[in-house]
Structure formats: structure tokens, C-alpha cells
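So the structure is just underneath, and the comments pick up after that.
The values are calculated or read from the model by the stated rules, or taken from the named source; none is laboratory data. Keep in mind the model is a prediction, meaning the values are calculated, not measured. Here the Cβ positions follow ideal geometry from the backbone for every residue, glycine too, while neighbour counts run over all protein chains shown. What goes into the accessible areas is simple: the full protein's heavy atoms, side chains included, and nothing from ligands, DNA or RNA. Shrake-Rupley method; radii C 1.70, N 1.55, O 1.52, S 1.80 Å.
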Amino acid sequence: MKRLIIFSLTVVTFFSAVAEKPEQKNAYPYPFKYSDVISDNISMAPVDRIIKDWGANVLMWGKPAISEIDYAGVNLNQEKIRREIIKGKEDGVRIYIGSLFCVLHSMYHKYLAADPTLQEAACRDIAGERMVVQWMVGQTYRGVPLYHNCSNNPRSREFYREVVVANMEAGYDGLVIEEPRGSAHAVSLGGCFCDHCMKGFREYLAKKYTAKELQQRGIKHIENFDYREMVRPIADTRDAYLAALKKKKIPLIKDYKDFQLKAGAKLVGELRELMLEVGGEDKILGLFCTRLGPEWLLNTQHVDFFAAEQVIGPPLDGGYKGLTFRYEIARAMGNPFAWTHISPVNATFIKNHEAFNLVKAWISLAYASGEHFNIPYYAWAFPETPVESWDKRGAKKESCTPHFFFPTERYLPFFDFVTANAELFDGYHSMNQVGVLHSNPSIRSSKKLENQLHDVCYELWEANIPYGLALAGDDWLYSRLSEEDADKFQFVIVPGPPKLDAKQQKVLNTWKANGKLITWNGLDDVLKRIELLAEVESDHQIALRPRKNPDNATVPAVVHLLNMNYDLSKDDMNRQTDVKVRLNSKLMDGKKVRRVTQYSPQCEPVEVPFEIKPDGVYVSVPEVNYWSILKPECE
């Protein structure tokens, strides 16, 4: 499996530099179209059916093109994958994405089991024991546990390079990286205390602090400092470490997490360079993530898209709060959410409650937001754990397995709807009526401030106010505020103390002087300052998502209607009838509307009545089931 790779990847050089924005960033949404239909994990799902029966034109999570055995110098696995990619392109696939797991599991387990050197490259706990991937404890491949490999170990990094090169030579259009934080993921689980991480942390501290500052932190001689010797008097077992970590008694833990996260981000950047070096400048890189909180944002300067496993719930139960916020972070960064997947907690909740139709609402939300939801085929779930709440894991501790399968055919009409009406998606972008300051230094400093930001954004979302995020960065997030950022918004809301550096605070001061900055003082204060672009006039639980196309004079905007009234007891929406919607004339650029058509999954388009009044166009929508789109045509 080992091979000579000309491109050199630094193994153990770590840094604590400020994150900087790359000189050139791909234009959103590159390279995806809003109307693309994205596959589930093709290492699990039947590829022929995905393409020919289910209509996917973007395939995700292709198998690694390496092989445990080369036959007469030929990588037969790579040749097989190369032929599959060629056939997929002939059958209509636009983009074919391979995988790279920085924490080896599932389809990578067999490579770990076949290579003792990879097994030794595992994360170590404070007692020196190898760690097993948390969600696959007890599962083995040919008797070998799934060790949590250390991304700072030279053998792990050599393996990553082998995968990147083999995948590019096989013909993948890009890669998606699983667990891009690398060994930083292990810190909260009791590791990594391997020799390579200790060496890297020692170098990190030596660069960050002066000799006097090191002594203040209990380090007399940095040249032979071993972090394990500082931790073991407090906790010499994994359980003791986790207990001390919870009580915030582990010394230098903030620095240690910072070191690990920055080492992981640097590794992702180097792997991207290798991908482009071998595969060409048109290759793309995606990151698998979860909540897109601050610890996930270090990698974003290297990213073209996100692929995420999300916790989502019923609409009226706050189930859209987290996902809608993450969609806005992705949009603000110019990195589309190309693959929204269902988390183990959600999959188990759906299984326990037989809530299969709830997924239709999530698909609708994704496309109405300008993002994508993969065709549901399978999910990781807990085999026995009863999950009663969509956002909480059950009390029983057990490993999850990829054993849960969805009734895929039930969802296909929603994806067919997108494909058949691509002209209502492609070219239509989210709107930025108001802005919200997303200060990375602020939300890193306090969970309370992070939650406050989420609360403000979801209040705006529920009120049908299109908003965008103004990103203020730090040494984790490359974005920096500029005076021009405020031009996208009517004004920018500051939800809490910004805690910015002097340069970015100066930008805020300029915005305030120009009347472009307000402090959050409740939703009513915002509503007094704006005209709603789309509003539900009747008493219905409908969310409106207007989208604008600056290049279409006849149909300058479309409006998505999302039914929020899901009933878990019957696993279906309560249909909303006789819905009245007012469209602000600004959506149509002041042009006169001559026709309004309603489009809905599994329904024929229908012209709906409307009335033009001085304050907008009043549209009467007969019925909304899960999702509809209004298309106003102008003279």
C-alpha cells in the first residue's frame, strides 16, 4: 500500500498563526447548482439506482482508491473505481466526490486491520493505552478494534497522502474529509497523549510564550517539557482525566486544544495542496462537520463545501433552529452545504416514532434555503436505545451502527420536483435584508453569547426576515470585517458584546456613525425599521423564504412556502388551506405582476389568484402541504 509521493507534506510542524483569508476564494455556489440532487454515501447505497432510478447527478463519499494488495504492480481497486467514475459520468453524473477519513472508520476499517503500523498510530490516553473510535466501541474487523488514529502521527499522515494521491489518480472530482479536526476530536474523549502530540505541543508552547511566561505556567525547561508529566499527578487514567476535564482542572487545556485544532487545520490545508498538485486546480474539497461552531471554522479557508450530519427536529419544536443558522454560516463563507445528512439521534428518533415523513420537511427546508439534502437511503442509528426526544441521545450508552434504512422511494417526488423545476432554483439566491454580527471572539468566550446569537437569528428566521451574517474573525476564523460588508444589509444587528480586535472594532464604529449598526433590542424594534419582503397575512403556520434572481427581468424573485405544522402523532403535515401571502413590490423590482403560479411536489403547477394593492401583491394560495413555490411573472 505504501508508495513514493513526490509532493512533500510536513509531518510535525505546528503553528499558532492567525488565520488568514486566502487570496482567491471560489464564488458561491461553486461548483454546485441549487438544483443538484445529491446522493447518500455511495459506499453504502446502490450506485446504479442512485443515478438511474433516483436521479442524483452528484455522488458523494466514494470509496478510497487504495488497496491492501497490489497485483503485479497494478492497483485493481483503483482501476475498478476509475471505471465506475467513467460510467457514472456517461450516465449523467456531474460531480463525483471521493472520501478521506482523518479518523479511520467504516469503509476504512479494513485498511487499518490489514496494517499493524496504522494500528500503532493510534491516539493514546493519559495511561498510554490506544483509544478506540467512540461510536464504534466493541466493533472489530477480523478481530481488530477500530483504533482512533492520531492525525499528528507520521504514519497516519503518510496514509492520508496515499489516499489523496490514489483518489486523484482514479479520477474523482474532489474529496470530502471526515473529521477534519483530526486528533483534536480525541482531546475531549481522553487523548491524545502520544509522543508525537507531546512533541508538537512543546513546539507550539515554545513559539507562543516567552521563557518568563512559560515559567508562570509551570514550565521551567521547555526543551524537555512533557505535558503528560504535568497532567498525571491530577489524573493518571482516562476516567480520572475525563472527570478532571469536566471540573476544569486539567492544566493548559485551552492551549492544548488550540494546538490540536490548529495542527488539524494546517494538515487540511496541506492535504488540499496535495489534492490540487496531483489532481489539478479544478478539484474541490469538502469538510464533514456537525454544528459549525468555532472549533469547526479553523479549516474554512481551505474549503469549497460542507457535508454535515445534522440534528434536526419537527418545525414547531425548535427543530429548525440549529440547521438554519448553520446554513447561514455556510452561505456567509461562500461554502455551500452540499450534503445534509441525518444524525444517529435523529435516525433513532425517526425509527422509534416511525416519523419517516418528517424527512420530507427537512428536504424542503434545505432546498428553500439554497442548500442540499442528500437522498436518504441509510443512517447510523442506535440499535436498542429508545430516543424519545429528537435532540437528546437516549440514556443507554451503546455504539451506533449503519443499520437503519429509509423508505427512499417516499422522498423521490421531492427530488424529482427540484429537477423538473430547476429554473426556479438555479440563479435564485438568498436575500440579505438585515445583517447579524457573528463575532467569533465573542462566541468563543462564552456559550451564553453563542446561544444568544442563535436565538436572535432564529427570531429573525421565524419572523420571515431574510438575514445574513457579517463574519468577524480571529486566529481561528479567517474572515475580517470590512467597511463594505455593511453594504449588503439595510443595517447590521449586534446581538451581544463583540469583543473584537481594534481594527475590526473600528469598522463597527464606522458602521454606527453611518447609521448601519444597531444593538439587538428585540424583534419589535427590528420590525419597526424594515418593510417585510414577504408576509403571511392569514392565521397560518407558514415560513416564507424569498429568493432573488438579478438576471431574470420577467421573474425577478420566487418565494418558498414551508408548512411548519407537522403532526408527529400521524407523521404528516396538517395541510394549510386558504393561505394569504403579501409580496412586497420590492421583490419584483417595482414591476407589475401579470401572473402568479404555485408549484408543489407531486402536484401540477396552478395559477393562483392575486390582487395588486399599493403596499404589495396579495396572493391567495389554496393549499400548502409540505412545500410550495410561488412564481410571480412580471410584465
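Just for the chain, what percent of DSSP beta bridges are antiparallel, to the closest 5?
Close to 60 percent.
Taking the stretch 432-528, how many lysine pairs are there with alpha carbons less than 19 Å apart, if each pair must be eight or more places apart or span two chains?
So the count of such lysine pairs works out to 12.
Restricting to Cα pairs below 8 Å that are 6+ residues apart, what does the relative contact order work out to for the stretch 534-634? Please round to a whole percent.
That works out to 33 percent.
Each residue of the stretch 131-140 in order: what ³J(HN,Hα) in whole Hz does its phi give by Karplus 6.51 cos²θ - 1.76 cosθ + 1.60, θ = phi - 60°, with x for Gly and Pro?
Values per residue, Gly and Pro as x: 9, 9, 3, 4, 7, 10, 4, x, 9, 10 Hz.
Please state the Cα pair-distance histogram of the stretch 432-528 with 5 angstrom bins from zero: what percent is in each bin?
3, 14, 26, 27, 20, 9, 1, 0
Compute the long axis of helix 344-353 from its Cα atoms, compare it with the longest principal axis of the Cα atoms of the chain, and write down the angle in degrees, 0 to 90, nearest 10.
For helix 344-353, the angle is close to 50 degrees.
What is the set of long-range amide H partners of MET573 at a cut-off below 5 Å, with H atoms built 1.01 Å from backbone N?
It is ASP567, by chain and number.
Could you give log10 I(q)/I(0) at q = 0.18, 0.24, 0.25 Å⁻¹ for the stretch 534-634, computed by the Debye formula over C-alpha point scatterers of equal weight, without solvent?
Computed log10 I(q)/I(0) values: -0.79, -1.33, -1.42.
Straight-line reach from LYS87: which lysines fall under 21 Å, measuring Cα to Cα and dropping same-chain residues less than 8 apart?
Excluding near neighbours in sequence, the set is LYS52, LYS63, LYS283.
For the Cα atoms of the chain, what angle does the longest principal axis make with the long axis of helix 76-90, in degrees from 0 to 90, nearest 10?
Once rounded, the angle reads 10 degrees.
List, in order, the whole-Hz ³J(HN,Hα) value for each residue of the stretch 237-251 obtained from phi through the Karplus relation with A = 6.51, B = -1.76, C = 1.60 and θ = phi - 60°; use x for Gly and Pro.
So the Karplus estimates, Gly and Pro as x, are 10, 5, 4, 5, 4, 5, 5, 5, 4, 5, 8, 6, 10, 7, x Hz.
Which residue, MET107, GLN260, ILE69, has the largest displacement toward the positive end of the dipole of the chain when charges sit on each Cβ (Lys, Arg +1; Asp, Glu -1)?
Projecting each Cα onto the dipole axis, the largest value belongs to GLN260.
Of all accessible surface on the chain at a 1.4 Å probe, what whole percent is carbon and sulfur?
In the chain, the share of accessible area belonging to carbon and sulfur is 48 percent.
What is the dipole size for the chain, taken about its Cα centre, with +1 at each Lys and Arg Cβ and -1 at each Asp and Glu Cβ, in debye to the nearest 20?
1800
Any chance you could give the angle, 0 to 90 degrees and rounded to 10, that helix 321-333 forms with the longest Cα principal axis of the chain?
80
Please list the non-local residues whose amide H lies under 5 Å from the amide H of GLN310, H modeled 1.01 Å from N, same-chain partners needing a gap of 5 or more.
Distant-sequence amide H within range of GLN310: HIS341, ILE342, SER343.
Find the accessible area per residue for the stretch 432-528; the probe is 1.4 Å, ligands and nucleic acids are left out, and the unit is Å².
Dividing the accessible area of the stretch 432-528 by its residue count gives 43 Å².
Given the rule -39500 (n - 2.57) for each run of at least 4 DSSP H residues, summed and divided by the residues of the chain, what is its mean residue ellipticity at 222 nm, to the nearest 500 deg cm²/dmol?
Value at 222 nm, helices only, nearest 500: -9000 deg cm²/dmol.
What is the sum of charges around ASP426, taking Lys and Arg as +1, Asp and Glu as -1, for the other residues whose C-beta is under 12 Å from the C-beta of ASP426?
Local net charge: -1.
Tell me which aspartates and glutamates have Cα within less than 15 Å of LYS570's Cα, excluding those fewer than 8 residues away on the same chain?
GLU354
Among 519-526, 598-605, 430-437, how do they line up from the highest to the lowest mean number of other beta-carbon atoms within 10 Å?
430-437, 598-605, 519-526
Collect residues whose amide H, placed 1.01 Å from N in the peptide plane, falls under 5 Å from the amide H of PHE337; neighbours closer than 5 in sequence don't count.
When sequence neighbours closer than 5 places are left aside, the close amide H contacts are PHE306, HIS372.
Given 10 °C and 1.306 mPa s, how large is the Stokes-Einstein diffusion coefficient of the chain in µm²/s, with Rh as the Kirkwood radius over Cα pairs?
Roughly 61 µm²/s, to the nearest whole number.
Considering the options VAL624, ILE50, HIS353, tell which one lies farthest towards the positive end of the dipole of the chain, charges being +1 on Lys and Arg and -1 on Asp and Glu at the Cβ, about the Cα centre.
HIS353
Output the peptides 235-241, 607-613 sorted from most to least packed, where packing is the average of other Cβ atoms within 10 Å over each peptide's residues.
Packing order, densest peptide first, comes out as 235-241, 607-613.
With θ set to phi - 60°, apply the Karplus curve 6.51 cos²θ - 1.76 cosθ + 1.60 along the stretch 586-595 and write out the HN-Hα couplings as whole Hz, x wherever there is a Gly or Pro.
5, 4, 9, 6, x, 7, 7, 7, 10, 7
Percent relative contact order of the chain, based on C-alpha pairs within less than 8 angstrom and at least six residues apart?
Over the chain, the number comes to 12 percent.
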